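Accompanying notes for the structure given below.
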Amino acid sequence: MVNMAENIEKTVVKRAINGLVDTFCHNLDPKKRLTVPSEWRDALGNPTYVYVMPSASEDCLELIPVELMERTLQQYQSADIFDDEADADAQAIAQFAQMLKVDAAGRIRIGDNLLAHAGIAGGVTMIGGIRKAKLWAAERKPVAPKGKLDLTAFRAVASKRKLLAQAKKGQV
């Protein structure tokens, strides 16, 4: 008989830290549905719904996992009833966010207003960002040709993280 501590340890070992990684190119189907990559659905625990909203800084959309949106919503729900600034911020987010059902085939139907905002009419480039993903019109954010990687942003992040680590150790 396996004791409880061994069961807990086995459960922890099986768990992985999942995130939205990689880049995928898909097309909207004739009903304007987008298939969320199976890798992302698995990483998110096969959700029954996700959120999509405009990016705050770019002309694309963001796919937001339920847990991330719930944390954000909780911050606003716990604000004081007379906190007009929190109410205004919450409304600014809520009026553009869409809670989208993920169907059995892993598809979501993004509203026409958000598709138009991002210029998405056919091809969609989905770029993972660990916590959330960006959804680009294929024409606006083309992927580098197969085998050709533009590592500029990756190298900038790696350099920044290296400097932060050195600073923490007092090496800078």
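The values are calculated or read from the model by the stated rules, or taken from the named source; none is laboratory data. Computed from a prediction, not measured in an experiment: that's the story for all the values here. So basically every Cβ, Gly included, is an ideal-geometry build from the backbone, and we count neighbours across all protein chains shown. Accessible surface is based on the protein model in full, side chains and every heavy atom, while ligands, DNA and RNA are left aside. Shrake-Rupley method; radii C 1.70, N 1.55, O 1.52, S 1.80 Å.
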Quickly rank 82-90, 121-129, 151-159 as a protection proxy: mean count of other C-beta atoms within 10 Å, highest first. 121-129, 82-90, 151-159
Leu164 versus Ala104: modelled label distance in nm, points set 7 Å from Cα along the beta carbon direction: 4.4 nm
What distance in nm separates the simple spin-label points at Asp84 and Val157, each placed 7 Å from Cα in the Cβ direction? 4.0 nm
Please give the per residue accessible area of segment 22-172, computed with a probe of 1.4 Å over protein heavy atoms only, in Å². 66 Å²
Segment 49-172: mean projected area of Cα convex hull, nm²: 11.6 nm²
Along its three principal axes, how long is segment 51-99 when you only count alpha carbons? Whole Å, largest extent first please. 33, 21, 15
Between Tyr76 and Asn27, what is 0.36 nm times their sequence separation minus the Cα-Cα distance? Round to one decimal in nm. 14.2 nm
Measuring from the lowest to the highest alpha carbon on each principal axis, how far does segment 66-136 reach, largest first, in angstroms? 44, 23, 23
With all protein chains present, how much of the accessible area of segment 37-119 (probe radius 1.4 Å) comes from carbon and sulfur, to the nearest whole percent? 51 percent
